[in-house]
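Engineer: Here it is: the structure, laid out below.
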Amino acid sequence: MNVEKGYVDEPVPAEVKDLKEEIIKLKKEKGAVIMGHYYQKGEIQDVSDYIGDSLALARIAAETDARIIVMCGVHFMGETAKILCPDKKVLVPDLNAGCSLADSCPAEDFDTFIKAHPGHTVISYVNTTARVKALTDIVVTSGNARKIVESLPADEKIIFGPDRNLGEYINSVTGRQMVLWNGACHVHERFSIEKIKELKEQHPNAHILVHPECRKPLHLIADKVGSTAVLLKYAIESPVKEFIVATESGILHEMRLKCPEKTFIPAPPDDNVCGCNECSYMKLNTLQKLYNCLRFEQPEVVVPDELIESARRPIERMLAMS
Ligand code: CIZ
């Protein structure tokens with residue numbers, strides 16, 4: 001079995017006719033639970049036991065009694081599951097599934113930044129490496145960042161990293177002046193405000209749903225700004241029938257399943273013609289890699305013990321506060 005490429009590079013046996021059925025059979029045999037992030041390919045979401053954002057998936061990971069957790073998401077999500085469940089085997093179908101936002105915040109540089117701001121509470125978005133979490137006081141997700149920041153005393157000095165757009169958004173809705181790390185997600189940064197305005201002219205009744213990792217001008221034209229879970233809830237509960245969705249386009253799969261009678265239009269990026277905005281890291285996980293990952297129980301997410309200890313505290317603090 002060859003896992004050198006960061007995933008198990010083996011052909012699917014000829015007798016396997018239906019990969020989805022085989023995955024469902026294997027996960028039961030192995031006592032595995034499959035977690036699928038909203039940004040995964042639809043076919044991966046279809047075979048997942050749980051679908052959600054990283055907050056929901058972290059909560060489930062913390063409570064599952066499954067022997068194996070297969071995290072269909074990006075590497076930091078696998079790390080978060082491993083940190084919360086060090087005794088379990090945590091697998092990610094393709095370990096090359098990284099995150100541009102996590103990459104925009106190297107631990108050594110973040111450490112220097114923290115030291116340059118003594119007396120500050122350090123809040124880090126979940127899209128960070130375990131080493132950055134270990135330097136953090138409280139981890140947040142886009143779903144709970146506002147609530148957690150608001151729960152801290154008004155005069156508390158705060159560093160927020162690594163997403164400057166989310167940080168700027170939280171500053172604007174809470175009136176805080178958190179010191180922001182200058183990082184960003186390459187997917188959310190590249191939405192085109194001009195193309196979204198053109199779409200809105202063609203669909204005047206559509207509501208614009210915007211993720212807070214997008215740039216500020218998008219927040220200003222949004223009908224709703226929120227995490228994937230918040231945008232999904234809004235789409236389900238709103239009487240509106242059409243939505244322009246400015247976040248990674250994987251979320252449209254669940255939106256369409258939950259609201260088959262509504263229309264969801266992916267907001268376009270400024271650099272392509274196909275019209276939707278995908279995270280190429282998220283899309284590295286495929287059904288074949290997931291099948292092989294269950295079959296060979298590889299590749300495994302490894303986090304050193306001493307890092308698990310220090311990275312767990314800020315995640316547990318988040319789970320307790322949200
Ligand atoms: O927290 C997450 O899962 C991410 C990356 C986005 C969101 O809003 O759910």
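Engineer: By the gyration tensor of its Cα atoms, with a ≥ b ≥ c the square roots of the eigenvalues, what is the shape of region 250-301: rounded for a/c under 1.5, prolate for a/b over b/c, or oblate?
Structural biologist: On the way: a/c = 3.90, a/b = 1.70, b/c = 2.29.
Taking the square roots of the gyration eigenvalues as a ≥ b ≥ c, region 250-301 is oblate.
Engineer: Now a separate question. Quick one: putting +1 on the C-beta of Lys and Arg, -1 on the C-beta of Asp and Glu, what dipole do you get for the chain around its Cα centre, in Debye to the nearest 20?
Structural biologist: 580 debye
Engineer: Which of the lysines could be linked to LYS289 by a straight reach, that is with a Cα gap under 23 Å, when you skip same-chain ones fewer than 8 residues away?
Structural biologist: Hits, sequence-local ones excluded: LYS5, LYS17, LYS20, LYS25, LYS27, LYS28, LYS30, LYS41, LYS82, LYS88, LYS89.
Engineer: Next up: After finding the eigenvalues of the alpha carbon gyration tensor for the chain, what semi-axes result from the square roots of 5 times each, listed largest first in whole Å?
Structural biologist: Ellipsoid half-lengths, sorted descending, are 30, 27, 16 Å.
Engineer: Mean 1/r over all different Cα pairs, inverted: what Kirkwood radius does region 158-288 give, in Å? Don't jump to the answer; show the numbers that get you there.
Structural biologist: Details: mean 1/r = 0.0653 Å⁻¹.
The Cα-based Kirkwood calculation yields 15.3 Å.
Engineer: For region 148-187, build the convex hull from the C-alpha positions and give me its volume per residue in Å³.
Structural biologist: Looking at region 148-187, the number lands at 61 Å³ per residue.
Engineer: At a temperature of 4 °C and a viscosity of 1.567 mPa s, determine how fast region 191-266 diffuses translationally according to Stokes-Einstein, using the Kirkwood radius over alpha-carbon pairs as Rh; express D in µm²/s, rounded to the nearest whole number.
Structural biologist: Answer, rounded: 107 µm²/s.
Engineer: Using r as the Cβ-Cβ distance of GLU242 and ASP155, and R0 as 25 Å, what FRET efficiency do you calculate, to the nearest 0.05?
Structural biologist: Efficiency for this residue pair is about 0.05.
Engineer: Using Cβ counts within 10 Å as a stand-in for footprinting exposure, how do GLU309, GLU278 rank, fewest first?
Structural biologist: Working: GLU309 12, GLU278 17.
Ascending Cβ contact count within 10 Å gives the list GLU309, GLU278.
Engineer: Find, to one decimal place in angstroms, the Kirkwood hydrodynamic radius of region 9-52, where the mean of 1/r is taken over every pair of different Cα atoms and then inverted.
Structural biologist: Hydrodynamic radius (Kirkwood, Cα only) of region 9-52 equals 11.4 Å.
Engineer: So between ASP271 and ASP46, what do we pick up on full extension, going 0.36 nm a residue minus the alpha carbon distance?
Structural biologist: Result: 78.1 nm gained on full extension.
Engineer: What whole-number volume per residue, in cubic angstrom, does the convex hull of the C-alpha atoms of region 1-102 give?
Structural biologist: Dividing the Cα hull volume of region 1-102 by its residue count gives 112 Å³.
Engineer: For a footprinting-style exposure proxy, rank ASP271, ASP49 by other Cβ within 10 Å, fewest first. Numbers along the way, then the final one.
Structural biologist: Details: ASP271 8, ASP49 15.
Going from sparsest to densest Cβ surroundings: ASP271, ASP49.
Engineer: How far, in nm, would the chain grow between LYS224 and GLU29 when pulled straight, counting 0.36 nm per residue and subtracting the alpha carbon separation? Spell out each step's value before the answer.
Structural biologist: Numbers: separation 195, 0.36 × 195 = 70.20 nm, distance 4.24 nm.
This chain segment gains 66.0 nm when fully extended.
Engineer: Per DSSP H run of n ≥ 4, the term is -39500 (n - 2.57); total these for the chain, divide by its residue number, and report the mean residue ellipticity at 222 nm rounded to 500 deg cm²/dmol.
Structural biologist: Roughly -12000 deg cm²/dmol at 222 nm, from the helical runs in the chain.
Engineer: OK, next. Quick one: what Rg and Dmax do you get for region 101-184 from the alpha carbons, in Å?
Structural biologist: So, for region 101-184, Rg and Dmax equal 11.4, 31 Å respectively.
No value in this document is a laboratory result; all are computed from the given coordinates. Remember, predicted model here, so these are calculated numbers, not experimental data. So basically every Cβ, Gly included, is an ideal-geometry build from the backbone, and we count neighbours across all protein chains shown.
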